[in-house]
Amino acid sequence: MVTVEQLNDIIAKGEQLDVEFKSDRRTMPDREIYEEVVSMANSKGGVLLIGVEDDGAITGAHPRHGDVTDPPKLQSAIFNNTVPSVNTRISVIRHDMGQVIAIEVDPYPEPCATKSGKALHRTIKSDGKPESVPFYPRDQRSRRVDLGLLDFSAQVLEQLTFADLDPLEFERLRQEIVRLRGDRSLLDLSNEEVAKALRLVETRHGKLVPNVAGLLLLGRENVIADVIPTHQVHFQVLDAQANVKVNDPFRSPLLKTLQEIGSRFAARNEEKEITIGMLRLPIPDYSPSGFREAVNNAVLHRDYTRLDDVYIQMHHDHMLIASPGGFPEGVTIDNLLVHEPKPRNPRLAAAFKRIGLVEQTGRGVDRIFEGQLRYGRPAPDYARSDSSGVRVTLNGGEPSLKFASFVYEEDKAGRPFILDELIVLNTLFVERRIDADHVSKAIQKGASEGKRVLERLLERGLIEARGEKRARIYHLAAALYNRLEDVSGYVRTKGFDKIQQHQMVLSALAARKDKRITREDVADLCKITTAQAYHLLKKMSKDNELELHGSGRGSYYMLKTRN
């Protein structure tokens with residue numbers, strides 16, 4: 001059951017892909033309820049709130065069964081007027097501003113429609129607001145792909161023959177296996193045997209027929225353009241004013257496309273050098289391995305049922321890689337690093353792994369993150385992703401040569417960092433301070449794992465902690481700031497010591513007209529947390545320097561009056 005508190009929280013966040021507000025001033029027709037339920041079931045599920053205006057104002061819902069709204073009756077009506085029948089959970093919430101009906105809907109594993117035959121799904125408009133739109137067959141197929149119920153790349157192309165595959169692409173495949181150290185058992189096989197081993201063809205009436213994965217990897221370019229018109233990749237270079245200087249589109253087979261993009265990237269990926277002993281260490285603008293993995297993911301996990309293209313844009317200070325189709329069901333920005341691999345095109349993914357194009361473990365995202373972090377740059381940013389596409393930003397600009405040198409030296413000394421440790425060190429390098437909650441969110445794991453990462457870094461002497469246990473703040477250690485040749489950064493990060501904080505509070509009280517100070521004032525003054533400010537003020541009260549006035553949010557401190 002949805003409580004009043006939960007209702008307030010949902011309304012406060014506004015309408016979203018999984019939240020819909022509906023006014024009931026003129027009594028919302030049952031037909032519209034069924035349509036909204038179907039729309040949510042065909043998307044990611046969600047909650048429909050009847051009696052709430054678009055701006056979040058609660059104006060109340062009319063009773064739907066005489067003088068009351070009977071949840072079981074409404075649930076039954078929805079069940080009997082949707083095909084397949086959709087189960088819902090109904091709550092009638094008595095809010096101070098009026099009664100609200102909440103209908104919770106789970107995502108359905110197959111396309112749904114109203115009993116009258118109307119199929120809808122949820123999408124985001126250009127203004128960022130959600131709406132329900134017709135759920136066409138192409139959208140239904142894409143939905144099944146997202147749910148993992150359909151492997152589009154495994155579909156057999158009955159109209160084609162083995163001759164539609166290009167012998168030159170088979171040779172390219174063998175060369176890539178050698179270069180990438182893929183499955184060498186494929187090298188001595190004939191073209192037909194390679195295609196069968198990688199499951200890129202199926203036998204139909206005694207003849208080999210390509211599937212979608214086979215055509216994408218090994219097909220002739222003109223055939224790909226005719227049969228899979230959704231396949232196109234753009235490599236673009238934009239200047240600081242976002243003017244397109246280079247726009248190279250590719251419809252060629254994937255292996256050739258990836259090679260062409262790789263060569264264009266390498267020609268523009270400039271490097272700086274830092275000397276470590278007798279060695280010169282090159283620091284590229286962008287990690288080549290991280291870039292390759294991001295591009296491989298873009299073409300491998302894209303939704304080939306959508307008439308959209310993959311875009312690889314090289315801006316003056318960042319790269320943007322956009323791939324059609326949102327994250328697979330269950331994968332979000334907040335669990336991207338820890339969710340088990342869930343390829344949108346399993347047949348194509350299996351071939352990529354045997355060739356050596358992607359990680360056998362399926363943890364390619366880790367490599368994208370590591371490529372950014374080891375050079376002291378911000379982590380890859382997926383914030384622009386939505387239900388229509390996955391978009392990752394790789395920030396470039398001036399690299400931290402000292403940070404990259406430090407990571408390299410630790411590797412050479414046999415003390416390499418795991419990804420979680422790199423995330424924490426990089427965050428501290430960029431943001432200066434971090435707490436345990438921030439660590440847990442950054443590594444996308446629980447609090448206990450976050451604490452273990454912090455403890456390991458503390459034991460290595462790379463970070464320091466200050467403050468009380470429950471409000472402990474972490475920052476890079478003095479020794480590490482010395483290695484990074486940023487001693488002043490350590491002084492700024494560590495902040496004022498307790499003696500300085502004590503004197504600052506006394507000086508502030510002396511300067512204030514009202515001669516009073518709050519916990520929030522002290523936190524802002526000394527650049528510490530409110531919990532730390534509380535402990536500082538409490539100690540000064542215990543030492544008879546200050547006295548507390550009031551309680552709760554209205555409390556403040558004044559200098560202790562002397563008799």
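The values are calculated or read from the model by the stated rules, or taken from the named source; none is laboratory data. Being a predicted model, the structure only gives us computed values, none of them experimental. So basically every Cβ, Gly included, is an ideal-geometry build from the backbone, and we count neighbours across all protein chains shown.
In region 303-329, the residue that is modelled with the lowest pLDDT out of those that are more than 17 Å from the chain's Cα centre (by Cα) and β-branched (V, I, T) is T305. Scan region 384-410 for residues that are touching a Ser or Thr at 6+ places or on another chain (Cβ under 8 Å) and at pLDDT below 90 and the total you get is 2. If the condition is being hydroxyl-bearing (S, T, Y), modelled with pLDDT of 95 or more and in a loop (DSSP other than H, G, I, E, B), then region 221-266 contributes only S252. Against the numbered list (1) among the basic types (K, R); (2) over 16 Å from C112 (Cβ atoms); (3) out of contact with any strand residue (DSSP E or B) (no Cβ under 6 Å at 6 or more places or on another chain), R31 comes up short only at (2).
Please work out if Y311 is crowded, with 17+ Cβ neighbours inside 10 Å, touching a His at 6+ places or on another chain (Cβ under 7 Å) and farther than 25 Å from G182 by Cβ. When the stated conditions are applied, Y311 passes them.
Just a yes or no: is a residue in region 391-398 in contact (Cβ under 8 Å) with a residue 24 or more places away in the chain, of a type in the set (A, V, I, L, M) and crowded, with 20+ Cβ neighbours inside 10 Å? Before you say what the answer is, go through the steps one by one.
Residues of region 391-398 in contact (Cβ under 8 Å) with a residue 24 or more places away in the chain: 391-397.
Then drop every residue that is not of a type in the set (A, V, I, L, M), which leaves 392, 394.
With the extra rule that they be crowded, with 20+ Cβ neighbours inside 10 Å, the set shrinks to 392, 394.
Checking region 391-398: at least one residue is in contact (Cβ under 8 Å) with a residue 24 or more places away in the chain, of a type in the set (A, V, I, L, M) and crowded, with 20+ Cβ neighbours inside 10 Å.
When region 145-199 is filtered for residues that are acidic (D, E) and in a loop (DSSP other than H, G, I, E, B), the ones remaining, listed by number, are D151, E158, D166, D183, D188. State yes or no: is T332 under 13 Å from V365 (Cβ atoms) and among the hydroxyl-bearing types (S, T, Y)? It is true that T332 is under 13 Å from V365 (Cβ atoms) and among the hydroxyl-bearing types (S, T, Y). Residues considered: G290, G262, G277, G326. Of these, the only one that is farther than 30 Å from R144 by Cβ, crowded, with 18+ Cβ neighbours inside 10 Å and outside the structural domain of E421 (by TED's automatic domain parsing) is G290. Within region 44-90, the set of residues being at positive phi and part of a strand (DSSP E or B) comprises just one member, G46. Checked against (1) within 36 Å of the chain's Cα centre (by Cα); (2) under 30 Å from E20 (Cα atoms); (3) in contact (Cβ under 8 Å) with a residue 24 or more places away in the chain, G182 meets all criteria but (2). Looking only at region 296-311, decide whether some residue is under 24 Å from G396 (Cβ atoms), in the same structural domain as K342 (by TED's automatic domain parsing) and part of a strand (DSSP E or B). Yes, some residue in region 296-311 is under 24 Å from G396 (Cβ atoms), in the same structural domain as K342 (by TED's automatic domain parsing) and part of a strand (DSSP E or B). Only one entry in V47, V52 is surrounded by 15 or more Cβ atoms within 10 Å (Cβ to Cβ) and under 24 Å from F327 (Cβ atoms), namely V47. Contact annotation: residue pairs with Cβ atoms under 7 Å, 6 or more positions apart or on different chains, pairing a residue in region 344-356 that is more than 17 Å from S323 (Cα to Cα) with a partner that is among the basic types (K, R) and surrounded by fewer than 24 Cβ atoms within 10 Å (Cβ to Cβ), are R347/R199; A350/R199; G356/R181. Could you grab me the full set of residues in region 422-458 that are closer than 19 Å to A478 by Cβ and in contact with a helix residue (DSSP H, G or I) (Cβ under 8 Å, 6 or more places away or on another chain)? Passing the criteria: V424, L425, N426, T427, F429, R432, R433, I434, L454, R456, L457. Against the numbered list (1) assigned to a loop (DSSP other than H, G, I, E, B); (2) in contact (Cβ under 8 Å) with a residue 12 or more places away in the chain, H339 comes up short only at (2).
Checking each residue in region 329-354 for being within 21 Å of I261 (Cβ to Cβ) and either in contact with a Pro (Cβ under 9 Å, 6 or more places away or on another chain) or crowded, with 21+ Cβ neighbours inside 10 Å (or both) picks out P343, R344, N345, L348, A349, A351, F352.
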